[in-house]
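*Asks:* Quick one: this structure, given as structure tokens, is what I'll be asking you about.
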């Protein structure tokens, strides 16, 4: 619409009906863009809040699984009669893994 308005101005003709049509279409599109941007911002804010909550849940679950991993590996290796260095495992557990 902006290109059509520019072209109209460069032509140098004075057609008020055409100018009114171009201007009203421009205003309509401008309002539509503004409304869409506002809707996008609202949805993005909601999405961001939900994303943070989901990230927190994933972080907590990951930490919980990490605490279970070493005891599980130790139990499996003992069940299979595979050697395991319990001193190394103890160091890992003391570090908080």
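The values are calculated or read from the model by the stated rules, or taken from the named source; none is laboratory data. Nothing here was measured: the structure is a model prediction, and the numbers come from that model. Quick reminder, even Gly has a Cβ in these numbers, built from the backbone with ideal geometry, and neighbours come from all protein chains shown.
*Asks:* Which numbered condition in (1) more than 33 Å from the chain's Cα centre (by Cα); (2) at pLDDT below 90 is the only one that residue 70 fails?
*Replies:* The single condition residue 70 does not satisfy is (1).
*Asks:* Quick check on residue 65: is it more than 33 Å from the chain's Cα centre (by Cα) and on the phi < 0 side of the Ramachandran plot?
*Replies:* Numbers: more than 33 Å from the chain's Cα centre (by Cα): no; on the phi < 0 side of the Ramachandran plot: yes.
Here the answer is no, as residue 65 does not meet what is asked.
*Asks:* Could you pull out the residue among 59, 36 that is closer than 30 Å to residue 91 by Cα, surrounded by 10 or more Cβ atoms within 10 Å (Cβ to Cβ) and without any contact (Cβ under 8 Å) to a residue 24 or more places away in the chain?
*Replies:* One residue alone meets the criteria, 59.
*Asks:* Surrounded by 10 or more Cβ atoms within 10 Å (Cβ to Cβ) and under 37 Å from the mean Cα position of the chain (by Cα): does that describe residue 22?
*Replies:* Against the criterion (surrounded by 10 or more Cβ atoms within 10 Å (Cβ to Cβ) and under 37 Å from the mean Cα position of the chain (by Cα)), residue 22 does not qualify.
*Asks:* Taking residue 81 as meeting all but one of (1) exposed (fewer than 10 other Cβ atoms within 10 Å of the Cβ); (2) in a loop (DSSP other than H, G, I, E, B); (3) at pLDDT below 85, write down the number of the exception.
*Replies:* Failed condition: (3).
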